[in-house]
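Quick notes on the structure that follows.
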Amino acid sequence: MSNNNNKRLINKVALITGAGSGIGRATSLRFAKEGANVIVTDVNIETAQETVKLIKKDFQGEAIAFGCDISNKDDVKSMVKQVSDQFNRIDILFNNAGIGTYSLGELTNINLKIWDEVMGVNLRGTWLVSKFVAKKMKKQDIIGELRGKIINNASMAGVIPSTPLGVYSISKAGVIAMTKIYAQELAPFKITVNSICPGFHVTGVYFNDEKFIEKALEYWGRSIPLERIGTAEDVANVMFFLASEDSNYLTGQSISCDGGCTVA
Ligand SMILES: NC(=O)c1ccc[n+]([C@@H]2O[C@H](COP(=O)([O-])OP(=O)(O)OC[C@H]3O[C@@H](n4cnc5c(N)ncnc54)[C@H](O)[C@@H]3O)[C@@H](O)[C@H]2O)c1
C-alpha cells in the first residue's frame with residue numbers, strides 16, 4: 001500500500017510540455033509517483049494520453065492530457081487558460097518540449113526553415129509557455145515560501161556550443177540565458193526559474209540509437225567520464241530535486257546532468 005507521508009509532491013500541480021515521450025514522460029511518471037497532479041501536454045495528443053494511462057496504471061495518480069504546440073501562441077494561450085479553469089494553481093512548470101537533433105549541420109549550410117523551426121520550438125515556445133504560466137503563478141498564493149517553480153530543459157549543447165549541433169546549441173544557450181532573465185524578473189513574485197542541462201540520454205526518436213550517440217561523442221572529441229550513456233530517468237531524478245522544496249533557495253541556475261561530459 002502506498003504511504004502518502006513519503007510522497008514529496010503531494011497536492012502539487014505540475015505542468016509538463018513534451019510529456020508524451022522521453023524525458024518529459026519519465027519526469028511525469030516520477031512526479032506522479034511523488035503524489036503530484038500532472039498536466040501532461042504534447043504536440044502529439046495520443047502520446048500525451050499514453051503517458052496519462054501509464055500514470056493511472058502505475059501510480060493511480062491524477063493526470064490529464066492536453067494537445068499543445070508550444071511554438072504556437074494561440075495554442076499555448078488556450079492550453080494555459082483551460083488548465084487555469086480546471087486547476088486553482090500551477091505549482092511547477094517543466095518546459096521540456098524541444099526539437100533539433102535532426103538539424104545537424106554547419107551554420108553556413110542550414111536553411112531558414114530549419115533555423116525557424118528549431119528556434120520556434122526551443123526558444124519561442126519556452127518563452128511563450130513561461131510567459132502565460134508566470135501570469136497565472138503571479139496571482140496565486142504563496143505556499144511554503146514560493147508561488148511557483150519554472151524549470152527549463154536546456155542541454156549540454158547550450159553549455160558547450162558545438163558544431164554540428166549549431167542551431168540547436170544556439171537555441172539551448174538561449175534557454176540558459178532566458179532562465180537567468182526570467183529568474184530576475186520573477187524573484188520578486190517568489191517564483192524560481194532554473195534549468196537542467198542533460199547530456200546524452202537514450203530517449204525518443206532522435207536519441208534512440210546508441211551508435212548515433214557514440215558517433216556524436218567521437219565527433220565532439222569527448223567521452224562520458226561516468227562511462228555510460230544517460231537515461232531519461234537520470235534526468236527525472238534531478239528534476240524531482242528541482243521541483244521539490246529542497247531547491248527553494250535556487251534560482252537562475254542551470255544544472256548539468258551529463259555524466260561529467262561538460263567537465264572533461
Ligand atoms: N535526450 C537527450 O540526450 C537530451 C539531451 C539534452 C537535452 N535534451 C532535451 O530534452 C528535451 C526532451 O527531449 P527528449 O530527448 O525526451 O526527446 P523526445 O523526442 O523523446 O521528446 C520530445 C517531446 O517533445 C514533443 N514536442 C516536439 N515539438 C513540440 C512542440 N512544438 N510542442 C509541444 N511538444 C513538442 C514531442 O512530441 C516529444 O513528445 C528536449 O528539450 C531536448 O532538447 C535531450
task = Using +1 at the Cβ of each Lys and Arg and -1 at the Cβ of each Asp and Glu in the stretch 8-257, identify which of Thr41, Phe87, Phe31 lies farthest towards the dipole's positive end.
result = Phe87
query = For the residue pair Val263 and Asn109, what label-to-label distance in nm results when each label sits 7 Å from Cα along the Cα-to-beta-carbon direction?
reply = 3.5
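In nm, what is the difference between 0.36 nm times the number of residues separating Phe241 and Lys138 and their Cα-Cα distance?
Values: separation 103, 0.36 × 103 = 37.08 nm, distance 2.24 nm.
Once the chain is fully extended between Phe241 and Lys138, it gains 34.8 nm.
Rounded to the nearest 0.05, what FRET efficiency is calculated for Lys211 and Asp58 with R0 set to 22 Å and r the Cβ-Cβ distance? Can you show the working numbers first?
Values: r = 31 Å, r/R0 = 1.39.
So the FRET efficiency works out to roughly 0.10.
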Relative contact order [Cα under 8 Å, 6+ residues apart], the stretch 1-47, whole percent = 45
request  = For the stretch 129-175 and the stretch 187-264, compute the distance between their C-alpha centroids and round to whole Å.
outcome  = 13
remark   = Taking Val263, Val133, Val193, Val238 and counting other beta carbon atoms within 10 angstrom, the fewest-first order is Val263, Val238, Val133, Val193
request  = Report, in debye and to the nearest 20, how large the dipole of the stretch 1-132 comes out about its Cα centre when Lys and Arg carry +1 and Asp and Glu carry -1 on their Cβ.
outcome  = 500
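Of the cross-linked pairs Lys53/Lys172; Lys138/Lys190; Lys139/Lys190, which ones have a Cα-Cα span greater than 19 Å in the structure shown?
Exceeds cut-off: Lys53/Lys172.
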remark   = Ranking Ala187, Cys257, Gly98 by how far each Cα lies towards the positive end of the charge dipole of the chain (+1 on Lys and Arg Cβ, -1 on Asp and Glu Cβ), the top one is Ala187
request  = Per DSSP H run of n ≥ 4, the term is -39500 (n - 2.57); total these for the chain, divide by its residue number, and report the mean residue ellipticity at 222 nm rounded to 500 deg cm²/dmol.
outcome  = -13500 deg cm²/dmol
message = Starting from the 7 Å offset along Cα-to-Cβ, what nm value, one decimal, do you get for the label separation of Lys81 and Lys131?
response = 1.6
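If you restrict to DSSP beta bridges whose two residues both lie in the chain, what percentage is antiparallel, to the nearest 5?
5
Across all directions of projection, what mean area in square nanometres is found for the Cα convex hull of the stretch 8-257?
One quarter of the hull surface, i.e. the mean projection, equals 12.7 nm².
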query = Suppose R0 equals 25 Å; then what is the FRET efficiency for Arg8 and Val202 from their Cβ-Cβ distance, rounded to the nearest 0.05?
reply = 0.40
query = What distance in nm separates the simple spin-label points at Gln184 and Thr231, each placed 7 Å from Cα in the Cβ direction?
reply = 4.0
remark   = Low-density loop trypsin sites (Lys or Arg not before Pro), the stretch 172-257, at most 15 other Cβ within 10 Å, DSSP non-H/G/I/E/B, are Arg228
For Val193, distant residues with modelled amide H under 5 Å away = Ile150, Gly252
key: Loop sites in the stretch 155-254: GluC sites (Glu not before Pro), DSSP, at most 15 other Cβ within 10 Å   = Glu227
For the stretch 8-257, size of Cβ-based charge dipole, Lys and Arg +1, Asp and Glu -1, in debye = 720
message = Placing +1 on the Cβ of each Lys and Arg and -1 on the Cβ of each Asp and Glu in the stretch 30-145, which of Gly125, Thr51, Met137 has its Cα farthest towards the positive end of the resulting dipole?
response = Met137
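Considering only Cα-Cα distances, which of the following residue pairs are longer than 18 Å: Lys12/Lys180; Lys57/Lys149; Lys81/Lys136; Lys77/Lys136; Lys33/Lys77; Lys12/Lys73? Working shown, then result.
Details: Lys12/Lys180 24 Å; Lys57/Lys149 27 Å; Lys81/Lys136 9 Å; Lys77/Lys136 11 Å; Lys33/Lys77 29 Å; Lys12/Lys73 26 Å.
Checking Cα-Cα distances, Lys12/Lys180; Lys57/Lys149; Lys33/Lys77; Lys12/Lys73 exceed 18 Å.
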task = Would you kindly derive the ³J(HN,Hα) couplings of the stretch 186-193 from the backbone phi angles with the Karplus curve 6.51 cos²θ - 1.76 cosθ + 1.60 (θ = phi - 60°), listing them in order in whole Hz, with x for Gly and Pro?
result = 9, 4, x, 9, 6, 10, 9, 9
query = Taking 0.36 nm per intervening residue step and subtracting the Cα-Cα distance, what contour gain separates Ile45 from Asn88 on full extension?
reply = 13.2 nm
ask   = For the stretch 58-134, what does the alpha-carbon gyration tensor say about shape, rounded, prolate or oblate, given a ≥ b ≥ c as the root eigenvalues, a/c under 1.5 as rounded, and a/b over b/c as prolate?
value = prolate
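No lab work stands behind these numbers, since they all come straight from the coordinates. Bear in mind the structure is a predicted one, so any value in this text is a computation, not a measurement. Don't worry about glycine lacking a Cβ; one is built from the backbone with ideal geometry, like all the others, and counts go over all protein chains shown.
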